[in-house]
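Just below is one structure, and these are the notes that go with it.
Derivation of every value follows stated rules applied to the coordinates shown; laboratory data play no part. Everything numeric in this text was worked out from a predicted model, so none of it was measured. Note that we place each Cβ from the backbone using ideal geometry, even for glycine, and neighbour counts take in every protein chain shown.
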Amino acid sequence: MDFVEVHERSGAVHAKILVEYIGLRQQASWLLDGAWIEYPALSAFEEQLRDGEEATLIDMSDYVVLTFFRESSVERLLINPPSKRSSTDGALISLDLKLESGAMRSFNSALAEFPKWW
């Protein structure tokens, strides 16, 4: 996740999010360039990641961008899940990935390293 632009007046950042997945026999790459996310949503996402059960990142339009969650001892990442508000005009890519144990903790550590200006 990179912060491309900061809009201090609205309290939001323009985020570029890249997820790359390499499995045993398959791989996927997903890029979202243009998500506007409010500071409180980023803080809530980081706190949820730290708790380690479920963490959902929501953009300024209240769309779910991605969700980390745990099923028993398995961690999963749901990327760009379809919603009732999704447009039928354009393409929609949605992924559900099984992750290695500790992925949520690793992502939380990486996010915690970003300087916090909010």
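Quick notes
- Positive minus negative residues near Y39 (Lys, Arg vs Asp, Glu; Cβ under 14 Å): -4
- Available extension along the chain between Y39 and I93 is 16.9 nm, counting 0.36 nm per residue and deducting the alpha carbon span.
- With contributions of -39500 (n - 2.57) from each DSSP H run of at least four residues, the per-residue ellipticity at 222 nm computed over the chain stands at -6000 deg cm²/dmol.
- Rounded to the nearest 20 debye, the dipole size of region 2-112 about its Cα centre is 280 debye, using +1 on the Cβ of Lys and Arg and -1 on the Cβ of Asp and Glu.
- The trypsin sites (Lys or Arg not before Pro) found in region 1-88 that occupy coil by DSSP, while having at most 16 further C-beta atoms within 10 Å, are R9, R25, K84, R85.
- Computing mean projected area of the Cα convex hull in nm² for the structure here picks out one of (1) 7.6; (2) 8.0; (3) 12.1, namely (2).
- Given their separation in residues at 0.36 nm each and the Cα-Cα distance between them, Q26 and S109 gain 27.2 nm when the chain is fully extended.
- Per-residue Karplus couplings for region 48-64, computed as 6.51 cos²θ - 1.76 cosθ + 1.60 with θ equal to phi - 60°, are listed in order as 5, 4, 4, 5, x, 9, 8, 9, 10, 9, 10, 7, 5, 8, 6, 8, 6 Hz, Gly and Pro entered as x.
- The Cα atoms of region 25-75 give a gyration tensor whose axes a ≥ b ≥ c have a/c of 1.5 or more with a/b no greater than b/c, which makes the shape oblate.
- Taking 7 Å steps out from each Cα toward its Cβ at S72 and L18 produces label points 3.5 nm apart.
- GNM result for the chain, Cα springs below 10 Å: residue of F68, F107, F45 fluctuating most strongly: F107
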